[in-house]
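The values are calculated or read from the model by the stated rules, or taken from the named source; none is laboratory data. These numbers were taken from a predicted model, which means no experiment stands behind them. Neighbour counts are summed over all protein chains in view; Cβ atoms, including those assigned to glycine, are modelled from backbone coordinates with ideal geometry.
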Amino acid sequence: MSQLILIRHGETVWNRERRMQGQMDSPLSEVGLRQAQALARRLSKLEFKTLYCSDSGRAHQTARSVADVTGHELKVEPRLRERHFGVFEGLTGPEIEAQHPEAYLRFKSRDPHYVVPGGESAVAFRDRALTCLIEIAGRHANEVVVIVTHGLVCDIAYRAAHGMELIARRDVELVNAGLNHFRYLDGAWHMDRWGDAAHLDVELTTVT
């Protein structure tokens, strides 16, 4: 059995502006920086073996705050990146709808095989993220691993643990800098806790 704690990065400037980030990037906001510091304090009290993160700036910045406090080496894994949203990236919802109306309608249909121009489908993203998480779990049997990544990577693990199809709507929120506890055992995902934000003050918790 492997225990994986998946963590969405701290709030970013684009989260606050409600812009699609995907594999583009924006820095942590002031709130996000405080979330990362609070996360580091929380994880300093937790015994874990290895610290992984996406190579996107916002995840790396969050994870670096943790590593500076806990002393862990930071293992950067590009496959932990967010889903690639192609031409939508950097735009708000209304801007996407206005500039790419046909693509927007296809995207809103939740077709898991649809590829946003220049991006990747939900199926391709799921396969990339799950393959990476399974490989990490295989390298760390009987260990606790912390992974600082992105909201939709956490979502993929949630779906795997609950047997949810990609087209189904998730009924829980993605909390910036929240802890999501999973176990991977005999080829199956199990979720123990979701959105644990006890280390965050109410005003620091964002769900964009």
Among what's in the stretch 177-207 and is touching a helix residue (DSSP H, G or I) at 6+ places or on another chain (Cβ under 6 Å) and closer than 23 Å to ARG19 by Cα, pick the residue that is surrounded by the fewest Cβ atoms within 10 Å (Cβ to Cβ). LEU204
Taking the stretch 39-66 only, how many residues are more than 21 Å from PHE182 (Cα to Cα) and small (Gly, Ala, Ser)? 3
I'm trying to understand the selection: among the residues of the stretch 107-126, which are surrounded by fewer than 17 Cβ atoms within 10 Å (Cβ to Cβ) and either under 30 Å from LEU46 (Cβ atoms) or β-branched (Val, Ile, Thr) (or both)? VAL123
Are there any pairs, at least 6 apart or on different chains, whose C-beta atoms fall under 6 Å, with the first in the stretch 69-97 and of a type in the set (S, T, N, Q) and the second assigned to a loop (DSSP other than H, G, I, E, B), and if so, which? THR70/SER44; THR92/ARG18
Inside the stretch 72-102, can you point out the residues that are surrounded by 18 or more Cβ atoms within 10 Å (Cβ to Cβ) and touching a strand residue (DSSP E or B) at 6+ places or on another chain (Cβ under 6 Å)? LEU80
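Could you say which residue among GLU73, GLU77, GLU47 is among the acidic types (Asp, Glu), over 13 Å from ILE147 (Cα atoms) and either at pLDDT 95 or above or out of contact with any Phe, Trp or Tyr (no Cβ under 7 Å at 6 or more places or on another chain) (or both)? Break it down stepwise before answering.
Working: GLU73 fails: over 13 Å from ILE147 (Cα atoms); GLU77 fails: over 13 Å from ILE147 (Cα atoms).
From the options GLU73, GLU77, GLU47, the qualifying one is GLU47.
Is it fair to say THR149 is modelled with pLDDT of 95 or more, more than 27 Å from VAL13 (Cβ to Cβ) and of a type in the set (S, T, N, Q)?
In short, no.
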